[in-house]
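Okay, so here's the structure we're looking at.
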Amino acid sequence: MAEGAVLPVETLKDTVVGRSLWVEARSRLLRNKAAVVSIGLLLFIAIACIFGPFVTGHPFDRVYPDYVRVPASLESYPKADQVEPQIERIGSRVRGKPENITVTGDTVRVTLVGQRPIDERLLAYFERSDLFQAAKVVERADEGRRLVVDVPLKKQYFFFGTDTNGRDLLTRTMKAGQISLAIGLLATFVAILIGVVYGATSGYMGGKVDLVMMRIVDVLYSLPFIFFVIMLVVFFGRNFVLMFIAVGAVEWLDMARIVRGQTLSIKRQEYVQAAEALGVETRGIIRRHVIPNTLGPVVVYMTLLVPKVILLESFLSFLGLGVQEPNTSLGVLISEGAKNIQGAPWMLIYPSITLVTILFCLNFIGDGLRDALDPKDR
Amino acid sequence: MTQPVLAVRNLNVRFRTGDGILHAVKGIDLDINPGETVAIVGESGSGKSQTMMSVMGLLASNGWAEGSVKYRGDELIGLPPAKLNDYRGSKLTMIFQEPMTSLDPLYRIGHQLALPLTTHGGMSKSAARKRAIELLELVRIPDPQRRIDSYPHEMSGGQRQRVMIAMALANNPDVLIADEPTTALDVTVQAQILELLADLQKRLGMSIVFITHDLGVVRRFADRTYVMKTGEVVESGETEALFSAPKHPYTKMLIDAEPRGRKEPPPADARVVLDARNVEVTFNTKGGLFGGVKHTLKAVDGVSLSVRAGETVGVVGESGSGKSTLGRAILRLLPASGHVRFEDRNLMPLDRSAMRPLRRHLQLVFQDPFGSLSPRMTAGEIVTEGLLVHDPSISRKDRDRRAAQAFEEVRLNPSWRNRFPHEFSGGQRQRIAIARAMILHPKLVVLDEPTSALDRSVQKEIVDLLRDLQKAHGLAYVFISHDLAVVRALSDEIMVMKSGRVVERGTAEEIFHHPRETYTRDLIAAAFLNADPDEAPGTRHAPLAS
């Protein structure tokens, strides 16, 4: 057989680079269409959430008092029917009655008629409105009692509409996405880091150590999660970092159990016994042999944990225990949307679509990974 | 000539895999005549199992078969499963290699036996139960009235395989396909199962298709033999003719693959490397958190052995005889009592961390070349892990160089050292495992069934390799195996173990030619060591008239 052939030493130089199980899993994952589409979509959402707020032209906390709860639209604001009432309102402040309001293109020509001469400084009211830019006087008549004014419209886009405070919902959704994804990833990372090390140690050591370590997990499990979070909030106040701690501190328990179970079966594998026979120390065995071989299920669980954490965060925020204004998260947005479902359905629809898309993507990726890492397929 | 009961014509089996389409069976023709025993022989990967799986419509979901399989003139390929079920399970039945997993652990065996009777035979429940008891009697299960209500875990491997056979016989099949039916069993049990099959065939007159890699079995039981290699039938014919005058070089190689040769004895003045006296290993099963009943099992009961440099001690026994436990106990991988001395050090008082520096001299090679290599490390990393532990000062580059050397020593291409274990064949993996043990230049190596999971021809190469390494480095081996042919080719001294005790010990010569104990004789008789030219080929059962 060819395998027994002694080969010349020249072959020493160019070694064949093997295809690791990870590389093979990746190629299997890339054949899964749903997973690939999900990865692309999720990347798009992530990039949009990170860079989007710089592009929309609205800071996430900017309030537009004149655009409270305007519906989503692809066309620019102000709409034609908003212009006249707004000019009437401004006219009353300037103490001039607006007449002959004509909109041509991006500018409005209006004739203000006052009983006394109109103070032109008051025209600054136009600029202060969210609808118009600075007004220009074109014509004065009757000693300033009659002014013809050109007011350029201030064009604004609210693709997702605005919320009850008149803030751009698109920007806020992106900001919320940022925070939800960040919490999802970071809390998951924390959970996995603690869970893998704890579970692998507990499983590998076995015996009394295992018994004590797993009973600690059981005790922590029995703490009611909401109660735990409320307690943290009471003691430390509401803050962003606390969310990671709260969620991470609960979710690592699952991870530790999963990894411990994996470790128990890996421990009996002959390659672990072989390492023991070689005299490898416990730490070396856990690091080189146990943990790398548990990572398959861990990766799968991770993709399922991220949406779980996002949902948890949304749930906490929905209850009002999560992130604080003016920061926001998808849970906060959906909670507000739910309150305004009758008057402003867009406030519920768009954040919900975002959340659902993210969750779907992550679940499809998780599914794809599970198939890709399935040992039966090898 | 009678019409064949099963005729396979131009059968092709293909699998869709990640690396393209795998052509597993390449247009083969087979004929199974009524009442005949046909063996399909080949090494792993030859497509012998897949051929029969496609006949039964049991291919994995990514595989498909083309060609023609006719059962008494009815075409089976391309039948929908519902139609196929009219044949399989009643006319064509199959028994599998692994009796541990082919029975459903959740149901009593009576229930599982009755299933084919009620679905195919259309029997009532009580009639099926009666027939099930008859069947158990037929396959010689003692006390069938009682055993019918046992669960699979209450039975031994051999008994489970008997139940599987009973299940296959339930509807008086015309063809029984046996896929390596005895490979997972101990040699003595193996012989009983084979005898049972031969006897059943004589009484019931069905055809048996034997899929196996074990030529000893083939020679004793098959009327005709097909030899398969990489999806093709390379040679076929009457078994006796095929064995006495093989034409194809592959057949010759298979027949010749029995490990041959004897080991040269070590020099008389060789010093003792390991000396174990009265080793005892006891396993306690604790009754859970709150105490409960304690069971103790003496796995190794007062065994002594001593190995000199360059010497091989063979430890032989069936599964459960404590031979593997003994191997681990003398390496102090298991808590044991007694005395174990390595050179001039007493190993017994040493704890885990005190043992670690000594581990470089005491190595272990495992049975399963698939389980003993960490799947996420490259072969080079696996081989040099011992250096990482015992010589941490060696640089990464030097380690890589040592890995290449070690690869060459076990006759593997060193440029493969960055590959991962799953990219190697079973024999190559076992070489990697041997390289891992050898890189530290140990003094004693415990070889725990290193060849049992390998094909015969690969076994031979591994045996040669082990012999060469021993000669080159003056290694002491403790060779644990149930395979007497391999033990005979490697050992100076042999210990026969049964339920934790040594029942017989002596030189290889003494044990094989003048065994004293009946147990030893049974083992030797069951192992079909008929490739040895100076022994009679044994009694082959008479071929049935067809």
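Tabulated values for the structure
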| quantity | calculated |
| --- | --- |
| Residue that is without any contact (Cβ under 8 Å) to a residue 60 or more places away in the chain and not assigned by TED's automatic domain parsing to the domain that holds B:VAL316, where the choices are B:LEU215, B:LEU185, B:LEU194 | B:LEU194 |
| Filter result for A:ALA344 (facing chain B (nearest Cβ under 10 Å), crowded, with 19+ Cβ neighbours inside 10 Å and in contact with a helix residue (DSSP H, G or I) (Cβ under 8 Å, 6 or more places away or on another chain)) | no |
| Yes/no for B:HIS422 being in a helix (DSSP H, G or I) and either surrounded by 20 or more Cβ atoms within 10 Å (Cβ to Cβ) or out of contact with any strand residue (DSSP E or B) (no Cβ under 9 Å at 6 or more places or on another chain) (or both) | yes |
| Subset tally (residues that are more than 7 Å from chain A (Cβ to nearest Cβ) and in contact with a strand residue (DSSP E or B) (Cβ under 6 Å, 6 or more places away or on another chain)) for the range B:349-375 | 3 |
| Unmet requirement for B:LEU326, which otherwise passes all of (1) crowded, with 24+ Cβ neighbours inside 10 Å; (2) within 13 Å of chain A (Cβ to nearest Cβ); (3) within 29 Å of B:GLU504 (Cα to Cα) | (2) |
| Where A:GLU281 falls short, out of the listed (1) at pLDDT 85 or above; (2) crowded, with 21+ Cβ neighbours inside 10 Å; (3) not basic (Lys, Arg) | (2) |
| Residues of the range A:87-126 satisfying the condition of being surrounded by fewer than 16 Cβ atoms within 10 Å (Cβ to Cβ), without any contact (Cβ under 8 Å) to a residue 24 or more places away in the chain, not in a strand (DSSP E or B) and not aliphatic (A, V, I, L, M) | A:GLU88, A:ARG89, A:SER92, A:GLY105, A:ARG121 |
| Filter pass, B:GLY35 being touching a Lys or Arg at 6+ places or on another chain (Cβ under 7 Å), under 23 Å from B:ALA168 (Cβ atoms), assigned to a loop (DSSP other than H, G, I, E, B) and in the same structural domain as B:LEU204 (by TED's automatic domain parsing) | no |
| Strands (runs of 3 or more DSSP E) (entirely within the range B:147-257) containing at least 3 residues that are not hydrophobic (A, V, I, L, M, F, W, C) | B:224-229, B:232-238 |
| Test: residue in the range B:87-101 that is in contact with a His (Cβ under 8 Å, 6 or more places away or on another chain), surrounded by 14 or more Cβ atoms within 10 Å (Cβ to Cβ), part of a loop (DSSP other than H, G, I, E, B) and not charged (D, E, K, R) | yes |
| Filter result (in a strand (DSSP E or B) and either modelled with pLDDT of 85 or more or in contact with a helix residue (DSSP H, G or I) (Cβ under 9 Å, 6 or more places away or on another chain) (or both)) within the range A:150-196 | A:VAL151, A:LEU153, A:GLN156, A:TYR157, A:THR162, A:ASP168 |
| Given (1) aromatic (Phe, Trp, Tyr); (2) farther than 20 Å from B:VAL307 by Cβ; (3) buried (at least 24 other Cβ atoms within 10 Å of the Cβ), index of the condition B:PHE479 fails | (2) |
| Residue that is among the aromatic types (Phe, Trp, Tyr), in contact (Cβ under 8 Å) with a residue 40 or more places away in the chain, assigned by TED's automatic domain parsing to the domain that holds A:LEU362 and more than 29 Å from A:LEU41 (Cβ to Cβ), where the choices are A:TYR204, A:TYR221, A:TYR271 | A:TYR204 |
| Single unsatisfied condition, B:ARG431 versus (1) part of a loop (DSSP other than H, G, I, E, B); (2) at the interface with chain A (Cβ under 9 Å from one of its Cβ atoms); (3) not aliphatic (A, V, I, L, M) | (1) |
| Among (1) more than 18 Å from A:GLU281 (Cα to Cα); (2) more than 8 Å from chain A (Cβ to nearest Cβ); (3) not hydroxyl-bearing (Ser, Thr, Tyr) - the single one B:ASP391 does not satisfy | (1) |
| Set B:LEU454, B:LEU466, B:LEU484: member being at pLDDT below 85, within 14 Å of chain A (Cβ to nearest Cβ) and surrounded by 21 or more Cβ atoms within 10 Å (Cβ to Cβ) | B:LEU454 |
| Test: residue in the range B:11-30 that is assigned by TED's automatic domain parsing to the domain that holds B:VAL217, within 21 Å of B:PHE210 (Cα to Cα) and part of a loop (DSSP other than H, G, I, E, B) | no |
| Tabulated pairs, the range A:324-338, first of a type in the set (Asp, Glu), second part of a helix (DSSP H, G or I) and crowded, with 21+ Cβ neighbours inside 10 Å, C-beta under 9 angstrom, 6+ apart or interchain | A:GLU325/A:VAL332; A:GLU336/A:MET347; A:GLU336/A:PRO351 |
| Close pairs from the range A:57-71: first under 17 Å from A:VAL332 (Cβ atoms), partner not in a loop (DSSP other than H, G, I, E, B), Cβ under 6 Å, at least 6 apart | A:PHE60/A:PRO53; A:PHE60/A:THR171; A:PHE60/A:ARG172; A:PHE60/A:LYS175 |
| Residue in the range B:396-418 that is modelled with pLDDT under 85, over 22 Å from B:HIS473 (Cα atoms) and more than 7 Å from chain A (Cβ to nearest Cβ) present | no |
| Helices (runs of 4 or more DSSP H) wholly inside the range A:204-302 containing at least 1 residues that are touching a Ser or Thr at 6+ places or on another chain (Cβ under 8 Å), within 13 Å of another protein chain (Cβ to nearest Cβ) and at negative phi | A:207-222, A:240-267, A:270-278 |
| Residues of the range A:131-152 classified as under 25 Å from A:ASP66 (Cα atoms), of a type outside the set (Gly, Ala, Ser) and surrounded by fewer than 18 Cβ atoms within 10 Å (Cβ to Cβ), total | 6 |
| The one condition in (1) over 30 Å from B:LEU387 (Cβ atoms); (2) in contact (Cβ under 8 Å) with a residue 12 or more places away in the chain; (3) in contact with a helix residue (DSSP H, G or I) (Cβ under 7 Å, 6 or more places away or on another chain) that A:GLY199 fails to fulfil | (1) |
| Tally of residues being part of a strand (DSSP E or B) and in contact with a Gly (Cβ under 7 Å, 6 or more places away or on another chain) across the range B:300-314 | 2 |
| Candidate set: the range B:377-388, residues that are within 15 Å of A:VAL280 (Cβ to Cβ) and within 9 Å of another protein chain (Cβ to nearest Cβ); chosen: the one surrounded by the fewest Cβ atoms within 10 Å (Cβ to Cβ) | B:LEU388 |
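For every residue, the table says whether it meets (1) surrounded by fewer than 16 Cβ atoms within 10 Å (Cβ to Cβ); (2) farther than 27 Å from B:GLU180 by Cα.
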{"position": "B:LEU106", "(1), (2)": "yes, no"}
{"position": "B:ILE109", "(1), (2)": "no, no"}
{"position": "B:GLY122", "(1), (2)": "yes, yes"}
{"position": "B:LYS125", "(1), (2)": "yes, yes"}
{"position": "B:ARG129", "(1), (2)": "no, yes"}
{"position": "B:ALA132", "(1), (2)": "no, no"}
{"position": "B:LEU135", "(1), (2)": "no, no"}
{"position": "B:LEU138", "(1), (2)": "no, no"}
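The values are calculated or read from the model by the stated rules, or taken from the named source; none is laboratory data. None of these values were measured; they are calculated from a predicted model. For neighbour counting, all protein chains shown are included, and Cβ atoms are generated from backbone atoms with ideal geometry for every residue, glycine included.
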